[in-house]
1. Accessible area per residue, 1.4 Å probe, Å², for the chain: what's the number?
2. Please report the relative contact order for the chain, taking Cα pairs under 8 Å with a sequence separation of at least 6, and give it as a percent rounded to a whole number.
3. Once you charge only the Cβ atoms, +1 for Lys and Arg and -1 for Asp and Glu, what is the size of the charge dipole of the chain about its Cα centre, to the nearest 20 debye?
4. How tilted is helix 4-22 with respect to the longest principal axis of the chain? Cα atoms for both, answer in degrees (0 to 90, nearest 10).
5. Report the gain in length on full extension from Q21 to K65: 0.36 nm times residue separation, minus Cα-Cα distance, nm rounded to one decimal.
6. On a full-extension model of 0.36 nm per residue, what is the gain between N58 and K8, subtracting their alpha-carbon distance, rounded to one decimal in nm?
7. For the chain, what % of the accessible area comes from carbon and sulfur atoms, probe 1.4 Å?
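The values are calculated or read from the model by the stated rules, or taken from the named source; none is laboratory data. Remember, it's a predicted structure, so these values are computed and weren't measured experimentally. Counting neighbours? That spans all protein chains shown, and the Cβs are built from the backbone with ideal geometry, glycine included. Protein only, heavy atoms only, side chains kept; ligands, DNA and RNA dropped before computing areas. Shrake-Rupley method; radii C 1.70, N 1.55, O 1.52, S 1.80 Å.
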Amino acid sequence: MGTEMEVKIREALEYVRPFLQRDGGDIEFVGLTEDNVVRVRLQGHCHGCPGAVMTLRNVVERLLKEAYPEIKGVENV
């Protein structure tokens, strides 16, 4: 299932997922880089949405960084 940090990240993304699904989108955890950048893939209506960057920065990244300060950022792949 992954490292302990990856498990924590997956759990945190489960908290965000319902908000994205409400608008027809979703998020998939892709991986964690060696320098602690979380890689995700936005899906559904979130994929290609003009507001997706704001959602990643203002919601997903903020949540993960607050919970786990060692996270350096989040990027959509």
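1. Working: 4850 Å² over 77 residues.
Averaged over the residues of the chain, the accessible area is 63 Å².
2. The normalised contact order for the chain reaches 29 percent.
3. Numbers: 10 positive and 13 negative charges, 50 e Å.
My answer is approximately 240 debye.
4. With rounding to tens, the tilt is 10 degrees.
5. Numbers: separation 44, 0.36 × 44 = 15.84 nm, distance 2.19 nm.
The span from Q21 to K65 would gain 13.6 nm if fully extended.
6. Numbers: separation 50, 0.36 × 50 = 18.00 nm, distance 1.92 nm.
Full extension of this stretch gives 16.1 nm more.
7. Working: 2540 of 4850 Å².
In the chain, the share of accessible area belonging to carbon and sulfur is 52 percent.
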